[in-house]
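Here is the structure we will look at, set down as structure tokens.
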Amino acid sequence: MADLDLVEFAVDYARQKGATYAEARFEHQRNEEFILKNSVLDALYITEDSGLGVRVLAKGGLGFAATNAMTKADVRAIVNDAVRIAKAARRKDPIVFAPEDSIVMEWSVPQKKKLSDVPVEEKIEEILHIDRELAALKLKILARFFQQANRQIDKYFVNSEGSKIRSFSPRVRLDYFLTVMHDGSAEQSHQSYGWSGGWEAVREIDMLRRVLDEAKSMQNALAHGKKSPEGKMDLVAGPMVAGIASHESCGHPTEADRVLGREASQAGKSFITPTSIGQKVGSPVVNVVDDPTIEHAIAFYVTDDEGVKARRRYLYKDGIINEFLQNRETAAVLGTQSNGASRAVTYNVEAIVRMANTFVEPKDWGMDEMLEDVKYGVYMKSFMEWNIDDKRYNGKYVGREAYLIENGEVTTPVRNTVVELTTPAFWGAVDAVGKDFELFHSGYCGKSDPSQALDAALGGPTIRLRNVYLR
């Protein structure tokens, strides 16, 4: 409780020192992570950290400072630093924040099986069980690498506008890397899954089945896979492929700080400009959204790290650039409101514009309907590689698990299918969006300097692209 009192003290003291706006964000993170290599425990990390970050507006400038020493003297020191930094900026164009209503609330993510109630030995044994079942397949798997990480995040956010928000987010990540050999050829796969909640994640995600199915499909590709066809044809892309395209060619270019040029020398630029709202970027069936409120998706939250209520953001709507991911600063520059997209990886860095759970919004097509009038094409179920330029305009996605489509039927596996298109060409080719939906696939999304790698989910339904060039 004493630490939480210091959060409120920091805001009050900042106002006394001349801040026109102040916020303080306390975080306590408990992290647990282990790595298994071919059934051997290679590493185990258990860490705990807590501290306070303070951000202020003063004389038109913005200042931020943080400490992990939770005493009144240390809090005074970081407030003094933040106010001094803000005043020293002497900006000609003052930074302002778009107005927001104050929020007083508590929220937490439910756990069926609390992470804190499950000993690390039990967690290791459950992943070892998956590894043993994988080894029992009698395939030539040269490398089996599992990485499992759990994080429990307590936060208390207070600002000078009256917001006071307490939250608790437990998160589970399950990653694996496989190398399968057959007749002198190798196939590799890395998959990452995430969950907001407790240790029930392993069964809710159905991790055992997913790992075994992946190994079998790798073996099938090696034993029976043909060279992927080249030329113009139809492409049916699974949720993972739709998800990575959503993240890279929609989520990143619609980050407002990137649109405004703040990330140009760090994470990159955007082909989208501040005046691009309303411009066509895809076909009318395309809605790409970012939604922190999807239950149990790894980037779930109710309020962001500026104390703004989260909601679904329609980045591309009906094939049109519809809105940007905004924090309070970018929203003020662009004459709009924040849509709750400001997050920080921990207490000692400033919250910046970030994606959360990014995906194509499902519609009503069944898989059979999508396939039935494809005379010749490729079904790219998953990807193993992607590349995109720093403006998020020219993108390339390489299939991991893919199959030939002939006369409406999925037939033989094909290897290394490549689709390389501009962002408008990719989304403009979409003519069918499925009713299936998956959002377990996750990653660490990197951005800013110092770098912030944050949990992000990507996925959606199966989609169909007409008459695109594959190689």
If we keep just the residues of the range 440-471 that are over 18 Å from the mean Cα position of the chain (by Cα) and in a strand (DSSP E or B), which is surrounded by the fewest Cβ atoms within 10 Å (Cβ to Cβ)?
ASN467
Screening GLY51, GLY18, GLY61 for residues that are open to solvent by less than 20 Å² (accessible area, probe 1.4 Å), in the same structural domain as LYS155 (by TED's automatic domain parsing), out of contact with any Gly (no Cβ under 9 Å at 6 or more places or on another chain) and over 23 Å from SER338 (Cα atoms) leaves only GLY51
Could you identify the single residue in ASP5, ASP12 that is of a type outside the set (A, V, I, L, M) and more than 30 Å from SER116 (Cα to Cα)?
ASP12
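For THR423, indicate whether it is in contact with a Pro (Cβ under 9 Å, 6 or more places away or on another chain) and of a type in the set (Val, Ile, Thr).
On the way: in contact with a Pro (Cβ under 9 Å, 6 or more places away or on another chain): yes; of a type in the set (Val, Ile, Thr): yes.
Here the answer is yes, as THR423 does meet what is asked.
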Could you run through the range 183-218 and say how many residues are over 30 Å from PRO292 (Cβ atoms) and surrounded by 19 or more Cβ atoms within 10 Å (Cβ to Cβ)?
4
Sort out which residues of the range 263-296 are open to solvent by 20 Å² or more (accessible area, probe 1.4 Å) and among the β-branched types (Val, Ile, Thr), and write them in order of number.
THR273, THR275, ILE277, VAL285, THR293, ILE294
Within the range 97-125, the residues that are surrounded by 16 or more Cβ atoms within 10 Å (Cβ to Cβ) and either under 24 Å from GLY61 (Cα atoms) or more than 28 Å from the chain's Cα centre (by Cα) (or both) are PHE97, ALA98, GLU100
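Filtering the range 324-348 down to residues that are open to solvent by less than 30 Å² (accessible area, probe 1.4 Å) and in contact with a Phe, Trp or Tyr (Cβ under 7 Å, 6 or more places away or on another chain), which residue is farthest from SER451 (Cα to Cα)? I'd like the intermediate steps shown before the answer.
First pass over the range 324-348, keeping only residues open to solvent by less than 30 Å² (accessible area, probe 1.4 Å): 324-328, 330-331, 338-344, 346-347.
From what's left, in contact with a Phe, Trp or Tyr (Cβ under 7 Å, 6 or more places away or on another chain): 328, 347.
Details: ARG328: 21, TYR347: 14 Å.
Filtering the range 324-348 for residues that are open to solvent by less than 30 Å² (accessible area, probe 1.4 Å) and in contact with a Phe, Trp or Tyr (Cβ under 7 Å, 6 or more places away or on another chain), the one farthest from SER451 (Cα to Cα) comes out as ARG328.
Looking only at strands (runs of 3 or more DSSP E) that lie completely in the range 400-439, which have at least 3 residues being among the β-branched types (Val, Ile, Thr) and either under 21 Å from GLN188 (Cα atoms) or touching a residue at least 24 places away in the same chain (Cβ under 8 Å) (or both)? Outline the logic, then answer.
Numbers: elements: 402-406, 409-415, 418-422, 430-433.
The strands (runs of 3 or more DSSP E) meeting that bar are 409-415, 418-422.
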Exactly one of (1) among the β-branched types (Val, Ile, Thr); (2) closer than 30 Å to THR330 by Cα; (3) under 31 Å from the mean Cα position of the chain (by Cα); (4) buried (at least 17 other Cβ atoms within 10 Å of the Cβ) is unmet by VAL79. Its number?
(3)
Consider the range 297-313. How many of its residues are farther than 20 Å from PHE97 by Cα and either crowded, with 20+ Cβ neighbours inside 10 Å or polar (S, T, N, Q) (or both)?
5
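The values are calculated or read from the model by the stated rules, or taken from the named source; none is laboratory data. Since we're looking at a predicted model, the values are computed, not measured. FYI the Cβ positions are ideal-geometry reconstructions off the backbone, even for glycines, and counts take in every protein chain you see. To get the accessible areas, we keep the full protein, side chains included, count just its heavy atoms, and leave off ligands, DNA and RNA. Shrake-Rupley method; radii C 1.70, N 1.55, O 1.52, S 1.80 Å.
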